[in-house]
Amino acid sequence: MSMIITRTDTSNRNFLNFDPSCEIMNIPIPKISVLLLSGLFLITTSCDQEACFEETNAFLKASMYNYSTLKIKAPDSLSLFGLTKPEVKIYDKAKNITSTLMPLDCSKESCSYVIKINGVNDTITFIYTSSPHLISKSCGYTYYHTLNTAIDFSTNEIDSLGFTNNSITTFDAENIRIYY
Amino acid sequence: MQKISGYIISLSLIICSGQVHSQVSAPDSVIIPLKVMASIEIAGPIMYFIDKNNLSLGGYLSCDLNEKLAIYIGGGYSDYKYSQYNYMYLSKGAFIRSGIDFNILKPETSIGKYRFNIGLHYGLSVLTSETPSFKYENYWGTITSSLPSKHYQGHFLEICPGFRAEIFKNFSIGWSVSLRKLIYTNADKDLRPLYIPGYGSGANTVSAGIGYYLVWSFPFKKIKVSVKPEPAEEAEESEETQEP
């Protein structure tokens, strides 16, 4: 069906009139109604609520590397927990973990983790500064961190650590490499 | 996405309704009154009765330079509060905007009563922003903290297509859509104000909004504007009207 637009009152020269002044598919349409209703439609579409779909935690991201091949390699078994929170494990004998995510304690300037690689315990202490960051209206605030390069760690299973990025944000970027 | 589709649909409706205006023969010239217009924005006060947390007052003055062009100066005040499960936020401040409005309707269509403006404005907002409390939770526990009140500025550009129709003598109503681009703020990039008066969400560098207006007009001069005939279009339309 073709759309036919006709003018029913050729003596009326106004663009917008409260009288019906045009027909679309034989339905009289007051043009001002179209324009004002289109504005009302806008307000209804502007009031939708937004949910938070963004990452709200800034993790220190540590990649696991084999020190002899210098290639990324998941240990056979990996456990990770805070030195002062041994009862809450972040990883518990996990397999196929090539990148560990370590949250930092925002209320302090350092925190220590116990990392158990292939059954052998090591301790890593991170020193950092924290600053609040607005993510978005729907998600609120998080903390970003700047990592101090002076990291204290034991060398039972760990061979060495390497820095790649000392800025810890919600973006997915590697911060350190753990060679074991 | 829903907002964008809403704008597109609405603008499509405007375009469709605008296409039917010039289907009659036009005279050689029309008399257009030039006006000074004073306007208040009404959506803000109405929304305040629904949500007492947010007060937004605004308005503008504009003065026609000719049948197409008007200079614009606007301003307003905003008192914004927002809270959700993990934070509370306050923002208070004022804003001014200035620029020009282009009326894209033809003079014979507009006849001094109807406007479809495309506004190009520069805006400046001054505000105080405060986060009385926010909560952050991770593996190590929950932290409750706050950010003290600070003064900020926001500079932005906006383009605002909008429609005005005179419903009584020298009294019009209408609305405008605003698309804004934040060009500068003195806030730290990590702690931008959540709400910038006159602009919108400070977390985004682009924002959109809509305003509904009551407009009082004060004609100060009448000008005679020539009208160009469009013979080809009229011939085509007359054929369409003869279809059964």
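Observations on the model:
- Peptide-level mean, for A:126-138, of C-beta atoms on other protein chains within 10 Å: 4
- Surrounding net charge for B:Val36, when Lys and Arg each add one and Asp and Glu each subtract one, Cβ distance under 12 Å: +1
- Carbon/sulfur fraction of accessible area - the stretch B:23-85, other protein chains in place, 1.4 Å, %: 67
- 10 Å Cβ neighbours from other chains, averaged over peptide B:89-101: 0
- Probe 1.4 Å, protein heavy atoms only - accessible area per residue of the stretch B:32-226 in square angstrom: 46
- B:Lys150-B:Glu130 pseudo-label distance in nm [points 7 Å out on the Cα-to-Cβ vector]: 1.5
- If you take the Cα centroid of the stretch A:58-93 and the Cα centroid of the stretch B:139-154, the two points sit 31 Å apart.
- Interface between chains A and B: roughly 5000 Å² of accessible area buried, both sides summed (probe 1.4 Å, protein heavy atoms only).
- Sequence of B:Trp140, B:Trp216 from largest to smallest accessible area, 1.4 Å probe: B:Trp216, B:Trp140
- Solvent-accessible area per residue for the stretch A:59-179 (1.4 angstrom probe, square angstrom): 47
- For the segment A:140-148, counting C-beta atoms of other chains within 10 Å of every residue's C-beta and taking the mean gives 4.
- The local environment of A:Ser99, defined by Cβ-Cβ distances under 15 Å, has a net charge of +2 under the rule Lys, Arg +1 and Asp, Glu -1.
- Stretched out straight at 0.36 nm per residue, the stretch from B:Lys228 to B:Leu157 would grow longer than its current Cα-Cα span by 22.2 nm.
- Residues listed by number, the stretch B:174-203, amide nitrogen under 16 Å from B:Leu57 label point at 7 Å toward C-beta: B:197-198
- Euclidean distance between Cα centres, the stretch B:47-78 to the stretch B:108-129, Å: 8
- Net charge of Cβ neighbours under 11 Å - reference A:Pro132; Lys, Arg +1; Asp, Glu -1: -2
- Solvent-accessible surface of protein heavy atoms, probed at 1.4 angstrom with all chains present, puts A:Lys61, B:Lys113, A:Lys85 in the order B:Lys113, A:Lys85, A:Lys61, largest first.
- By the rule of a C-alpha distance below 17 Å, with chain neighbours fewer than 8 residues away ignored, the lysines paired with B:Lys189 are A:Lys137, B:Lys150, B:Lys181.
- Per the Debye formula on identical point scatterers at the alpha carbon atoms of the stretch A:59-179, with no solvent, log10 I(q)/I(0) at q = 0.10, 0.12, 0.19, 0.23 Å⁻¹ is -0.30, -0.43, -1.05, -1.46.
- Residues along the stretch B:138-155 losing 20 Å² or more of accessible surface when the other protein chains are present rather than the chain by itself (probe 1.4 Å): B:Asn138, B:Tyr139, B:Trp140, B:Ile143, B:Leu147
The values are calculated or read from the model by the stated rules, or taken from the named source; none is laboratory data. Just so you know, these numbers come straight off a predicted model, no measurement behind them. Backbone-built Cβ (ideal geometry, glycine too); neighbour counts: all protein chains shown. Accessible surface is based on the protein model in full, side chains and every heavy atom, while ligands, DNA and RNA are left aside. Shrake-Rupley method; radii C 1.70, N 1.55, O 1.52, S 1.80 Å.
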